[in-house]
């Protein structure tokens, strides 16, 4: 229920701000899209999302530089920011959130541990914010849900501050 | 469990054919990505997907012509084919499936009824196949699951025939 509540709150705020939402997801593999599409009034604010499960598809669909992926691995605030900005660029939405991390059960090929997740929120005209979380390894589904919850909260916060400034 | 089995079978066939998989989803909003990412060995074959919930995002992310969306509505075999081909073009994958339809609870803005779903499968070098299904209105989640099941089966069949001809 918590994810549902967070998604409803975000969609309501996005409508007030008259901004469409787009997502970019790696380890959550579309869960954020699922949750947003089920929110009340989603069809007016939720544009869609990019599920970029491999590094190659992060470059292909979202223009994440291959050199950045090599240097920082896929699980880094830098890559999360590039994903969020890529999603904005390839949509007409006004705000985006990206999630890239390791949901498990195994660490990734670069040695990033299960539970390490990076999240970023991008909006035109303000600096893209990226941050890192270390969730306890309570299982793949649980890590995915926590990551989506934090991404939805971060987008809602970004809309709140923008609205307060307007 | 049925979706899990279908996804495992598809990933196995894709590995044998040495082809990556990409998806394009509208009414299923990322469910096909979720299911594929949980399949055994997914990380070697599943590249990712495009969730295009609005008509605008179908044009923006997958180059579906706006005129086609106006003429045929979003729920048509023609738009499903354009989505599948757009997903291939914006990835390095070798096979794609697209789903566009009405999961409910209401008909869409163009009057397409709940349960009408169009699916297409695209591969380089062969004609893109699109077809239409009319599922009974047994609820949003049930319609989504049936659509994903049919898309996974259609991709597996497309890989089967290709392999037999090789």
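The values are calculated or read from the model by the stated rules, or taken from the named source; none is laboratory data. Predicted model, so just to flag it, every value in this text is computed and none were measured. Cβ sites come from the backbone with ideal geometry, for glycine too, and all protein chains shown count toward neighbours.
Structure data summary
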quantity: Residue satisfying all of: in segment B:1-19; without any contact (Cβ under 8 Å) to a residue 60 or more places away in the chain and farther than 13 Å from residue B:95 by Cα; surrounded by the most Cβ atoms within 10 Å (Cβ to Cβ) among these; calculated: B:8
quantity: Answer from A:122, A:74, A:158 - the residue that is closer than 25 Å to residue B:41 by Cα, touching a strand residue (DSSP E or B) at 6+ places or on another chain (Cβ under 6 Å) and crowded, with 22+ Cβ neighbours inside 10 Å; calculated: A:74
quantity: Cross-chain or 6+ apart pairs with Cβ under 7 Å, segment A:66-82 first and without any contact (Cβ under 8 Å) to a residue 12 or more places away in the chain, then part of a helix (DSSP H, G or I); calculated: A:66/A:59; A:72/A:78; A:72/A:79
quantity: Positions within segment B:87-100 being buried (at least 24 other Cβ atoms within 10 Å of the Cβ) and part of a helix (DSSP H, G or I), in sequence order; calculated: B:87
quantity: Qualifying position, being under 18 Å from residue A:11 (Cα atoms) and touching a residue at least 40 places away in the same chain (Cβ under 8 Å), among A:158, A:103; calculated: A:158
quantity: Residues located in segment A:59-71, provided they are crowded, with 24+ Cβ neighbours inside 10 Å and at the interface with chain B (Cβ under 7 Å from one of its Cβ atoms); calculated: A:61
quantity: Among the candidates B:33, B:27, B:60, residue that is modelled with pLDDT of 95 or more and within 21 Å of residue B:113 (Cβ to Cβ); calculated: B:27
quantity: Identity of the residue in segment B:80-89, touching a strand residue (DSSP E or B) at 6+ places or on another chain (Cβ under 7 Å) and away from chain A (no Cβ under 14 Å), that ends up farthest from residue B:100 (Cα to Cα); calculated: B:85
quantity: Helices (runs of 4 or more DSSP H) wholly inside segment B:1-58 containing at least 3 residues that are more than 9 Å from every other protein chain (Cβ to nearest Cβ); calculated: B:2-17
quantity: Verdict on residue B:39 being more than 17 Å from residue B:88 (Cα to Cα) and more than 13 Å from the chain's Cα centre (by Cα); calculated: yes
quantity: In segment B:20-45, the residues that are in contact (Cβ under 8 Å) with a residue 12 or more places away in the chain, buried (at least 24 other Cβ atoms within 10 Å of the Cβ) and farther than 22 Å from residue B:82 by Cβ; calculated: B:35, B:45
quantity: Counted residues, segment B:101-130 - those being more than 29 Å from residue A:55 (Cα to Cα) and either more than 14 Å from chain A (Cβ to nearest Cβ) or not in a strand (DSSP E or B) (or both); calculated: 18
